[in-house]
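The values are calculated or read from the model by the stated rules, or taken from the named source; none is laboratory data. Keep in mind the model is a prediction, meaning the values are calculated, not measured. Using ideal geometry, Cβ is built from the backbone for each residue, glycine included, and neighbour counts are taken over all protein chains shown.
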Amino acid sequence: MSALFSIVLPVFAVIGLGYWVKRRAWLSDQAENDFSWWVYYVAVPPLLFLAMAQTPATVLIQWRFLAAYVAGTVVLWGLIALIARPWVQGFESRWLLGLGGTFSNSVYLGIPLVQTAFGGQGTQWVVLIALASNLLFVAGTAVVLGARQRARASSVLLDTLKNPLLMAIALGLLFSASGFQIPIGIERLLSVLAQAAAPVALFALGLTLGGTAIGLNTLPGRVWGLTAAKLFAHPALVALGCWCLAVPALQAQVAILVAALPAGALAHLMAQRFGYQASAVASAVMMGTVFSLLTLTLLLSLGVFTELQ
């Protein structure tokens, strides 16, 4: 149990540091956008590329495990958009709220937590979820919302091809399928950049939160709804999908654990980039990170993840 707190607490501490810096006005107002730009274009692409390139191609064909997680996520995403329709205007806003309520912090929090729970044998499954989530949900968001902001098909296609997240995922897939080895010098360079992605993304999230007065009594209902959906509804739906598809026990436990994680900072970065619901998604990420200390502890104490001691 101490391992859980040693992983989650530093994540929240980095967010809190960004919040404190913003509240103290130690950085300019432009710094928030600068940090977010750096993460999106410089740090996260190497992280995604390395994760894709270092995953064996045989892992990518585990369709029942992947289908259970994706199905639970898509169902919840649709429910969020449907429930939000009377109160939230605009397709873009509802789409990004759905992303904020379903996109797990699988890379920055999920990988180390699963390694603690199941060792190396569980790592490949959380990596697969991270890859699928970024390919289908993050890159998909960039394509769909990018298309709605452009009038010409050629502009949409060009923006899609230039999207750094999609390019990193595609290149990583090619390396995984080809069996080529990344030159050691290039791998080390990419690793240095990838290691910076998590702390800077979390710090940027804290800067955004620091610019907004947030209190438990003043948070809008949509923030509480997203938090509850992510921490409770998401793992429940994924568990149902695993049961329906008879997913093997270890894979099912990893899928449920990842679904029970709070929303990742990348959901906030996407909301900020497209200019819709950035504050709501950022608040949901922060609240989810805080309350996941309790919800994950509850799940673990109930013996849901039997391999974790």
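Here's the yes/no breakdown for (1) surrounded by 14 or more Cβ atoms within 10 Å (Cβ to Cβ); (2) closer than 15 Å to Val44 by Cα; (3) out of contact with any Lys or Arg (no Cβ under 7 Å at 6 or more places or on another chain); (4) modelled with pLDDT under 85:
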{"site": "Arg152", "(1), (2), (3), (4)": "no, no, yes, yes"}
{"site": "Ser155", "(1), (2), (3), (4)": "no, no, yes, yes"}
{"site": "Asn163", "(1), (2), (3), (4)": "yes, yes, yes, yes"}
{"site": "Ala170", "(1), (2), (3), (4)": "yes, yes, yes, yes"}
{"site": "Ala177", "(1), (2), (3), (4)": "no, no, yes, yes"}
{"site": "Glu187", "(1), (2), (3), (4)": "yes, yes, yes, no"}
Checklist entry - Would segment 211-219 turn up any residue that is out of contact with any Asp or Glu (no Cβ under 6 Å at 6 or more places or on another chain) and either buried (at least 20 other Cβ atoms within 10 Å of the Cβ) or modelled with pLDDT of 85 or more (or both)? => result no
Item to check | Listing of helices (runs of 4 or more DSSP H) fully contained in segment 35-129 that carry 3 or more residues being under 18 Å from Thr141 (Cα atoms) | outcome: 44-53, 63-84, 91-100
Item to check | Neighbours by Cβ (under 9 Å, 6+ apart or cross-chain): first from segment 243-261, closer than 16 Å to Ala130 by Cβ; second of a type in the set (D, E, K, R) and buried (at least 22 other Cβ atoms within 10 Å of the Cβ) | outcome: Ala259/Lys230; Ala260/Lys230; Leu261/Lys230
Checklist entry - If you go through segment 71-85 one residue at a time, do you hit one that is within 17 Å of Asn134 (Cβ to Cβ) and surrounded by fewer than 17 Cβ atoms within 10 Å (Cβ to Cβ)? => result yes
Next on the checklist: Restricting to segment 58-70, name every residue that is crowded, with 21+ Cβ neighbours inside 10 Å and either out of contact with any Phe, Trp or Tyr (no Cβ under 7 Å at 6 or more places or on another chain) or basic (Lys, Arg) (or both).
Outcome noted: Leu66, Ala68, Tyr69
Item to check | Positions within segment 14-37 being small (Gly, Ala, Ser), at pLDDT 80 or above and surrounded by 13 or more Cβ atoms within 10 Å (Cβ to Cβ), in sequence order | outcome: Gly16, Gly18, Ala31
Item to check | Filter result for the condition that a residue is touching a residue at least 24 places away in the same chain (Cβ under 8 Å) and out of contact with any Leu (no Cβ under 6 Å at 6 or more places or on another chain), over Gln115, Gln89, Gln121 | outcome: Gln121
Item to check | Residues of segment 38-57 classified as surrounded by fewer than 16 Cβ atoms within 10 Å (Cβ to Cβ) and either modelled with pLDDT under 85 or under 14 Å from Leu205 (Cβ atoms) (or both), total | outcome: 3
Checklist outcome for this item: Considering residues that are buried (at least 24 other Cβ atoms within 10 Å of the Cβ) and in contact with a Ser or Thr (Cβ under 8 Å, 6 or more places away or on another chain), the number found within segment 232-266 is 9
Checklist entry - What number of residues in segment 50-73 are closer than 21 Å to Pro235 by Cβ and free of Cβ contacts under 8 Å to residues at least 24 places away in the same chain? => result 1
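Quick grid of which residues meet (1) in a helix (DSSP H, G or I); (2) modelled with pLDDT of 90 or more:
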site	(1), (2)
Leu209	yes, no
Leu226	yes, yes
Val247	no, yes
Ile256	yes, yes
Leu266	yes, no
